[in-house]
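Chemist: Right, I'll just put the structure down here and ask away after.
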Amino acid sequence: KVGKEEVQTVLPDQPEVVISNAPEHDLSKDGGATWADYPDNDNTIGWDPKHVRFYKVKGKWTLVAANDMGLCFNDDPLNGSTWHYVNRNHSYAILHGGLSVDNVALTLTSNQDPGTFELTRTARDTFLATNRNGADGLRAAVSNAGKAYWYRHYWASFMHAHAASTANTKKASIDIANDWYTPPFKGSTKPGEDAIYVSGWDKLIKLTYVAASNTITRTDLPKNFKVDAGDVTFGVGVAQSDPNRIYVTTKNGHFYTSKDAGQTWTETSYTGTKPVKQWADWSNAAGLYIEVADSLPDLVFWGGGSGAAACLVSRDGGKTFASTVTGLPSGGEVRNVSIAPDGKMAFSSNFQVWLASDNK
């Protein structure tokens, strides 16, 4: 028993050298009897490494770590001065979300700690990443036909920024009290409307950018889901081809459709196995996902977690659902679903990308 959360890895040719899975990956040279900070820990591995593994490179063992600060490797694992960074510019271990809008050449990624980046294509498969805001950029959404975007910044702030292509450098932010770490939100698809719908509270929240004053206003839509369904909103989806079509799920598995931009709602008649919340994100859950096919507002995917209900599909606008999961390994979690314009889907699960054959 090593006295740490669990063993992360062991030096292959010196099995008494152990690296723990504690937040800062402490080091023991005597099989777990005593522990110390890993050499040069703060400047290399950082506080929250996700993967630490040994690989044999040219006949010697090399330690590779993926963490908040990027991917780095160490030629001599017991010598802190031999750490090297592989990626200083943009590739980070914790990627919370990304999006792109082809017609305005807008591509974004959101990263914990490094922040939100706007990418400019410089060559085939090559992008220049410009940091638009440091610290945590936890989710992102586009609005106003891709001319603007929103991102979740650190704890209580939602940020609005114009795309670089608009030559407008104004930014605005709004704090929401009593919020949680990564509430799902989606941009309004109404032409000319610069707004997002944010889940995570008793009511669905709409944040709207006011250009004249460079400010953000908040509107709580009428329905109180906590009163009617017994729990808070936990996911939201907006149809690209029908801006008035909004979907919401609650934490306890109620699913609703609105055809009038959130003024009235109809609950699904589906009574089968419901999705469960997605993986824990630091101290809070990351919610449930809802994705709508661009040109087919009735084709909606709802899910989270693992098992048969990890990805449900409705072809009638949320009235009924059916499972789409076959062939997913035991314990595999469906996390982020991506829908092509024709309704085909792909998703990420346990650090792999899956392509869905016939949407199953």
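The values are calculated or read from the model by the stated rules, or taken from the named source; none is laboratory data. Quick caveat: nothing in here was measured; it's all calculated off a predicted structure. We place every Cβ from the backbone using ideal geometry, glycine too, and count neighbours over all the protein chains shown. Please note that ligands, DNA and RNA were not included when accessible areas were found on the heavy atoms of the full protein model with its side chains. Shrake-Rupley method; radii C 1.70, N 1.55, O 1.52, S 1.80 Å.
Chemist: Return the long-range amide H neighbours of TYR38 (sequence gap of 5 or more, or a different chain), with a cut-off of under 5 Å between placed amide H atoms.
Modeler: When sequence neighbours closer than 5 places are left aside, the close amide H contacts are LEU27.
Chemist: Taking the Cβ of ALA261 as the center, what net charge do the other residues with Cβ under 11 Å away carry, scoring Lys and Arg +1 and Asp and Glu -1?
Modeler: Neighbour charge sum, excluding ALA261 itself: +1.
Chemist: Next question. In the stretch 96-249, carbon and sulfur make up what percent of the accessible area (probe 1.4 Å)?
Modeler: The C+S portion of the solvent-accessible surface of the stretch 96-249 is 49 percent.
Chemist: Under a 1.4 Å probe, what is the accessible area of the stretch 125-232 per residue, stated in Å²?
Modeler: Here the residues of the stretch 125-232 average 42 Å² of exposed surface.
Chemist: Still on this structure, please answer the following. Please work out how much length the chain gains when fully extended from ALA177 to VAL57, using 0.36 nm per residue of separation minus the C-alpha to C-alpha distance, in nm with one decimal.
Modeler: Between ALA177 and VAL57, full extension yields 38.2 nm more.
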